[in-house]
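Q: Can you keep this structure in mind? I'll have questions shortly.
The values are calculated or read from the model by the stated rules, or taken from the named source; none is laboratory data. What you see is a predicted model, and the numbers here were worked out from it, not measured in a lab. All Cβ positions, even for glycine, are placed from backbone atoms using ideal geometry, and neighbour counts span all protein chains on display. With ligands, DNA and RNA removed, areas are computed over all heavy atoms of the protein, side chains included. Shrake-Rupley method; radii C 1.70, N 1.55, O 1.52, S 1.80 Å.
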Amino acid sequence: MNFTDLKYVIEIDKCGSISLAAKNLYVAQSNLSRAVKELEKEFDIVIFRRTPKGVITTREGQRFLRHAKEIQYQINILTNAYSDVNEHGVNLKISVPRASYITEVFSDFLNTLEEEENMRIHYYETNSSKTIQNVLDYHYDIGIIRYNVMHEGYYLSLFKLKDLAYRLILEFDYLLLTSKDNAIADKHIRADSDLEGCIEVVHGDERLPTGGYIDLTENDREERSQKKVIYIYERASQFEILSTVPNTYMWVSPVPDETLEKYGLIQKRCGAYAKYMKDVMVFKENHVPKKYEKQLIDNLREKTREFGCYL
């Protein structure tokens with residue numbers, strides 16, 4: 001028996017198919033079939049029964065897999081406990097929404113790593129669908145997704161289907177971000193008519209894994225199609241546009257005061273008119289946090305307390 005064989009049978013059990021497991025693991029299907037046969041022979045059990053639709057885990061196979069998953073979990077603990085020491089530095093992969101408060105925490109975190117000899121960090125700002133893919137397929141340590149609470153049922157079902165655990169980071173009403181000089185800066189925004197003639201700035205790739213928009217209902221999309229909209233795909237552009245293009249605005253999570261001051265912007269609460277959102281951290285159920293990962297999450301916890309929310 002070897003750890004790779006255990007990894008193979010765990011993935012087969014998860015997929016219910018040897019061919020699909022082989023595709024997910026990027027290995028030949030024959031390698032997985034051989035691993036199953038060797039384990040079944042070594043332990044004198046039948047782990048899977050073949051069916052026309054795939055494989056079914058037997059009762060004795062389920063018992064075997066419970067032990068296999070526990071072994072895999074303990075290996076992950078051992079690996080993560082010593083990974084920082086062995087690499088003499090920091091190795092993190094982070095996938096998050098385009099949120100200024102998260103970027104501020106990340107920047108402060110980087111300033112604590114000046115003495116590190118070796119540092120490899122991936123910081124990926126993207127939509128929720130891509131973040132989930134990064135966590136599942138590309139082994140990102142930290143994944144944070146954003147969704148409208150109207151779609152929470154969809155995401156909770158998806159987490160269960162994909163064996164993902166989750167923790168609430170921040171829940172908030174969207175704030176309206178605009179220039180101090182704009183006409184709507186001092187205006188009470190309570191309805192669409194209050195924004196008539198203005199230009200909305202939107203991140204253009206925020207979609208559900210199914211292809212639908214993450215924060216829009218069918219009615220929202222129909223209404224937005226009749227408005228002036230600028231679609232952007234990276235966060236830095238939004239501040240330049242909002243500060244220089246008249247009558248532009250954007251719906252955002254809380255923005256740090258330093259950023260507002262730098263670009264001459266304000267953020268406005270709009271009551272029930274604004275959508276109610278959640279930022280949620282997602283990770284594999286057997287994930288064990290690294291030392292520096294814990295540090296970054298602790299820093300994020302402190303930042304969210306400023307907004308009256310918590311992890």
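Q: If I filter segment 152-201 down to residues being polar (S, T, N, Q) and part of a helix (DSSP H, G or I), which single residue comes out as nearest to residue 248 (Cα to Cα)?
A: Quick first cut of segment 152-201, residues polar (S, T, N, Q) only: 157, 178-179, 182, 193.
Next cut, part of a helix (DSSP H, G or I) only: 157, 193.
Working: 157: 36, 193: 15 Å.
It comes out as 193.
Q: Looking at segment 226-278 only, could you name the residues that are of a type in the set (D, E, K, R), at pLDDT 90 or above and either within 24 Å of residue 95 (Cα to Cα) or part of a helix (DSSP H, G or I) (or both)?
A: Answer for segment 226-278, where residues must be of a type in the set (D, E, K, R), at pLDDT 90 or above and either within 24 Å of residue 95 (Cα to Cα) or part of a helix (DSSP H, G or I) (or both): 240, 257, 258, 261, 262, 275, 278.
Q: Restricting attention to segment 234-252, and to residues there that are more than 16 Å from residue 266 (Cβ to Cβ) and surrounded by 12 or more Cβ atoms within 10 Å (Cβ to Cβ), which single residue is farthest from the chain's Cα centre (by Cα)?
A: Restricting to residues being more than 16 Å from residue 266 (Cβ to Cβ) and surrounded by 12 or more Cβ atoms within 10 Å (Cβ to Cβ), the top hit is 237.
Q: Of all residues in segment 25-72, which are open to solvent by 30 Å² or more (accessible area, probe 1.4 Å) and of a type in the set (A, V, I, L, M, F, W, C)?
A: Those that are open to solvent by 30 Å² or more (accessible area, probe 1.4 Å) and of a type in the set (A, V, I, L, M, F, W, C): 25, 27, 28, 43, 45, 46, 56, 71.
Q: Where in segment 1-55 are there helices (runs of 4 or more DSSP H), lying fully within it, with 1 or more residues that are touching a residue at least 40 places away in the same chain (Cβ under 8 Å) and over 32 Å from the mean Cα position of the chain (by Cα)? Quick ask: steps written out before the conclusion?
A: On the way: elements: 3-15, 18-25, 29-43.
In segment 1-55, the matching helices (runs of 4 or more DSSP H) lie at 29-43.
Q: Here's a follow-up. Test residue 175 against the criterion of being under 27 Å from residue 261 (Cβ atoms) and buried (at least 16 other Cβ atoms within 10 Å of the Cβ), and give yes or no.
A: Working: under 27 Å from residue 261 (Cβ atoms): yes; buried (at least 16 other Cβ atoms within 10 Å of the Cβ): yes.
Yes.
Q: Continuing with this model, one more query. Could you grab the pairs with beta carbons closer than 6 Å, sequence gap of 6+ or different chains, first residue in segment 115-136 and outside any strand (DSSP E or B), second one of a type in the set (A, V, I, L, M)?
A: Final answer for the pair search is 116/90; 128/145; 128/214; 131/145; 135/282.
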